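In what follows, a structure is listed as structure tokens, so that the remarks can point back to it.
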Amino acid sequence: MKGNGKAYLALIFVCIVWGTTYLAIRIGVKHYPPLLFAGIRQTVAGLLLGGMALAFNKKTDFSIKNIRRQALVGFLMLSLGNGLVTWGEKYIPSGVAALICSLMPIFAVVFNLASTKTERLNLLTAAGMLLGTCGVGLIFRQDLANMFNPAYLAGMLATLFATSSWALGSIVNKKTVNPVNPFLNSGMQLFFGGIFMLAGSTILEDVRHTDLSDRDGLYALFYLITFGSVLAYGAYMYALSKLPIGIATLYAYINPPVAVILGYLALGEPINGYTISSFAAIMVGVYVVNRGYRSAHQVKAAKYKNTLPDAFPENVPIES
């Protein structure tokens, strides 16, 4: 830890804060329409992060190509990813949403395997995917009685689709990375993702009777903008610049239990044997998938003397 103390503190901050965002979202959607809530959050956060980025780094790339790139990533990761998670949490517990979202690295590997002929599925990766699938099955088994509720089932499926969209957006961002002022690019992603959600809200949601001054809703919104989107994102980027990728992405294993425990303590969401078994299966599955993916790339690196991308995108967090 010597020499990187600040980076480790930043990572600890990310591990805790991103685990709490599921609870804040669950509280927020009790008072506001989900797309409106998420749209306001990401639009404001994008403006704040973009403004801070410009204050510290005058380099910019406002070319049409770069704007389209950031808008696409914002749509995939935030409009579909974060937006559908927020919508899903209107109908499912925050802990269940966090467990489903923890599958993101597995989706990332699946998309990598499907997008290039050079990728091959090995035994470790296949075993990890099977474990992750079993973990999701346990979530559905835990809530079997609720499966007859169309809204509850839609919430789970929306969160599952959101997780896959976040993974796809991460890969797109990884393969089209623009090194000119990355914090400004991140702010643009947040801003465009939020604008798309606000546009969707005007079409899909009835906001006429929404009380935007509700205290609990405003607290949740303020927390998500300030801590969930701006501070935690910046802390993650700092940690990532100082620490190995394998350490910087450890938060993906810590967020789910934080979310499940907070949901239990604050909202009385149930924790039972299925919850614990699902968490264990998904976490082990994610670890095994990433281990298998890294092993395959190490073999390729030794054979072709060329390193390939990690299973976890290096410049995009798994954020709720």
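Since every read-out is calculated from the coordinates, none of them should be taken as a lab result. A quick note: this is a predicted structure, and the numbers were derived from the prediction, not measured. Every residue, glycine as well, gets a Cβ built from its backbone with ideal geometry; the counts of neighbours run over all protein chains shown.
How far apart, in nanometres, would the label points at Thr226 and Asn4 be if each is projected 7 angstrom from Cα along the Cα-to-Cβ direction?
3.0 nm
Take the Cβ-Cβ distance between Lys58 and Lys175 as r, set R0 to 25 Å, and report the resulting FRET efficiency rounded to the nearest 0.05.
Details: r = 27 Å, r/R0 = 1.08.
Given R0 = 25 Å and the Cβ-Cβ separation, E is 0.40.
For an R0 of 35 angstrom, estimate the FRET efficiency from the Cβ-Cβ distance between Asp216 and Phe148 and round to the nearest 0.05.
On the way: r = 30 Å, r/R0 = 0.86.
According to the calculation, E is roughly 0.70.
Mean separation of Cα pairs under 8 Å and 6+ residues apart, divided by the residue count of the chain: what relative contact order is that in percent?
Details: 492 pairs, mean separation 129.7, N = 320.
Rounded, it is 41 percent for the chain.
With loop defined by DSSP as not H, G, I, E or B, and exposure as at most 16 other Cβ atoms within 10 Å, which is the longest segment of the chain clear of exposed trypsin sites (Lys or Arg not before Pro)?
Values: sites that count: Lys2, Lys30, Lys58, Lys59, Lys117, Arg120, Arg208, Lys305.
It works out to 209-304.
For the chain, how many pairs of lysine residues have a Cα-Cα distance under 19 Å, where the two are 8 or more positions apart or belong to different chains?
The result is 12.
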